Amino acid sequence: MTSETASAPRGRGRPRSEQARIAILAAARDLVLESGYEQLTIQAIAARAGSSRQTVYRWWTSKALIVADLVMDGELRLPTATIPDTGDLEADLVAWLDGATSAFADPQVGPLVLALVTAATDSEAEARLLYEMSTGPFHGALVDRLLRGADAGQIATSADPTAMADALIGTVLFRALTPGARPAPSAAVVRTLLGIPRA
């Protein structure tokens with residue numbers, strides 16, 4: 001058997017494997033949006049994709065990593081991490097907080113947020129990966145905006161921008177994860193973080 005003959009079957013198999021991988025990702029995406037991450041199972045993904053569980057496990061060791069791939073591929077999208085910079089830090093943070101809350105309330109985004117939060121509990125390695133693809137960009141953008149606000153004298157020099165960014169992201173996640181709650185208005189949250197007295 002020549003090397004050309006031996007390599008031909010592998011060449012013909014690659015497109016079918018890629019087609020199966022794409023079908024699995026599409027099935028997982030649809031199931032997350034329909035039922036949420038907690039209801040997602042490898043068996044359900046395989047059944048929807050017309051594949052076997054062994055085929056799914058060939059590429060991913062857990063459902064969390066499937067969701068991570070979907071985010072990386074842009075199949076599941078998160079709101080933008082861009083923070084307004086009009087020169088008014090208070091107004092910019094309120095606008096971002098309101099915008100992020102509204103975006104996460106979107107039925108196409110909310111289930112994904114819940115999926116990533118839940119997926120982050122599967123393992124420490126997966127939590128780091130999901131952080132880098134989801135919460136991480138938001139946190140970094142907020143810290144950068146807060147540092148610019150500090151340079152402009154809009155927050156106290158003793159303030160910790162990282163802790164403030166933690167609190168802002170925590171507020172968004174609290175609102176997303178507890179829709180029945182009655183959280184404080186965005187303006188009150190921001191003014192408290194910035195140390196601005198109530199009117």
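The table for this structure:
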{"item": "Count - residues of segment 30-39 that are in contact with a Ser or Thr (Cβ under 9 Å, 6 or more places away or on another chain), buried (at least 19 other Cβ atoms within 10 Å of the Cβ) and more than 17 Å from ALA127 (Cβ to Cβ)", "result": "1"}
{"item": "Test: ARG128 is basic (Lys, Arg) and within 15 Å of the chain's Cα centre (by Cα)", "result": "yes"}
{"item": "Test for VAL143: is it within 26 Å of SER62 (Cβ to Cβ), surrounded by 12 or more Cβ atoms within 10 Å (Cβ to Cβ), out of contact with any His (no Cβ under 8 Å at 6 or more places or on another chain) and at pLDDT 80 or above", "result": "no"}
{"item": "Answer residue from segment 116-129, given it is in contact (Cβ under 8 Å) with a residue 12 or more places away in the chain and among the charged types (D, E, K, R) and is nearest to GLY140 (Cα to Cα) among those", "result": "GLU126"}
{"item": "Candidates ALA95, ALA91, filtered to the one that is surrounded by 14 or more Cβ atoms within 10 Å (Cβ to Cβ) and part of a helix (DSSP H, G or I)", "result": "ALA95"}
{"item": "Residue in segment 179-194 that is under 16 Å from the mean Cα position of the chain (by Cα) and either crowded, with 16+ Cβ neighbours inside 10 Å or among the charged types (D, E, K, R) (or both) present", "result": "no"}
{"item": "Considering residues of segment 102-111 that are of a type in the set (A, V, I, L, M) and within 12 Å of LEU173 (Cα to Cα) only, the residue surrounded by the fewest Cβ atoms within 10 Å (Cβ to Cβ)", "result": "ALA105"}
{"item": "When residues of segment 47-67 are limited to those that are touching a residue at least 12 places away in the same chain (Cβ under 8 Å) and loosely packed, with under 14 Cβ neighbours inside 10 Å, the one farthest from the chain's Cα centre (by Cα)", "result": "GLY50"}
{"item": "Residue satisfying all of: in segment 68-79; under 10 Å from the mean Cα position of the chain (by Cα) and assigned to a loop (DSSP other than H, G, I, E, B); modelled with the highest pLDDT among these", "result": "LEU76"}
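Here is a yes/no grid of residues against (1) touching a residue at least 24 places away in the same chain (Cβ under 8 Å); (2) over 15 Å from SER134 (Cβ atoms); (3) not assigned by TED's automatic domain parsing to the domain that holds LEU177:
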residue	(1), (2), (3)
ASP69	yes, no, yes
LEU93	yes, yes, no
TRP96	yes, yes, no
THR101	yes, yes, no
ALA105	yes, yes, no
GLY110	yes, no, no
LEU114	yes, no, no
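The values are calculated or read from the model by the stated rules, or taken from the named source; none is laboratory data. Because the structure is predicted, anything quoted here is derived from the model rather than measured. No Cβ is skipped: glycine too gets one built from the backbone with ideal geometry, and neighbour counts run over all protein chains shown.
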